[in-house]
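Student: Handing you this structure, nothing more for now.
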Amino acid sequence: MVALDLLGRRWTLRILWELRGGPLVFRALQHACDDVAPSVLNTRLAELRELDVVETTSDGYALTAEGRALGELLLPLDAWARRWAASSGRVGSRPT
């Protein structure tokens with residue numbers, strides 16, 4: 001339940017999604033997340049580090065092995081969301 005609670009918090013899934021391609025420094029991650037407030041990004045990163053999903057590396061913030069495994073589990077959800085968006089006329093819309 002702890003993990004599901006964290007995943008349901010605003011910006012958490014977006015942070016994970018943006019880190020899927022590799023490490024990002026704080027400012028790059030903030031920009032990739034549509035300039036999320038620094039305090040919110042710091043809080044979410046601390047929470048994700050506590051769960052061993054994100055780690056700090058010399059290259060910035062990166063997914064751990066657990067974070068990459070979680071990302072693999074989220075891919076079917078992304079595929080479903082894309083199909084749903086296309087069938088409901090919501091293609092290209094993104095929540096903030």
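The values are calculated or read from the model by the stated rules, or taken from the named source; none is laboratory data. Note that the structure is predicted; figures quoted are calculated from it, not measured. Cβ placement follows ideal geometry from the backbone for every residue including glycine, while neighbour counts extend to all protein chains displayed.
Student: Return the pair list, or none, for Cβ contacts closer than 8 Å from residues in the range 28-47 that are within 15 Å of G60 (Cα to Cα) to residues that are of a type in the set (G, A, S), at least 6 apart or on different chains.
Tutor: Qualifying pairs under 8 Å: A28/G60; L29/G60.
Student: Do we find that A46 is modelled with pLDDT of 95 or more, part of a helix (DSSP H, G or I) and either of a type in the set (F, W, Y) or surrounded by fewer than 12 Cβ atoms within 10 Å (Cβ to Cβ) (or both) in this structure?
Tutor: yes
Student: Still on this structure: Considering (1) touching a strand residue (DSSP E or B) at 6+ places or on another chain (Cβ under 7 Å); (2) exposed (fewer than 13 other Cβ atoms within 10 Å of the Cβ); (3) not small (G, A, S), say which one R10 fails and leave the rest.
Tutor: Among (1) touching a strand residue (DSSP E or B) at 6+ places or on another chain (Cβ under 7 Å); (2) exposed (fewer than 13 other Cβ atoms within 10 Å of the Cβ); (3) not small (G, A, S), R10 violates only (1).
Student: Anything in the range 17-30 that is exposed (fewer than 13 other Cβ atoms within 10 Å of the Cβ) and either among the hydroxyl-bearing types (S, T, Y) or more than 19 Å from L70 (Cα to Cα) (or both)? List them, or say none.
Tutor: Across the range 17-30, the qualifying residues are V25, R27.
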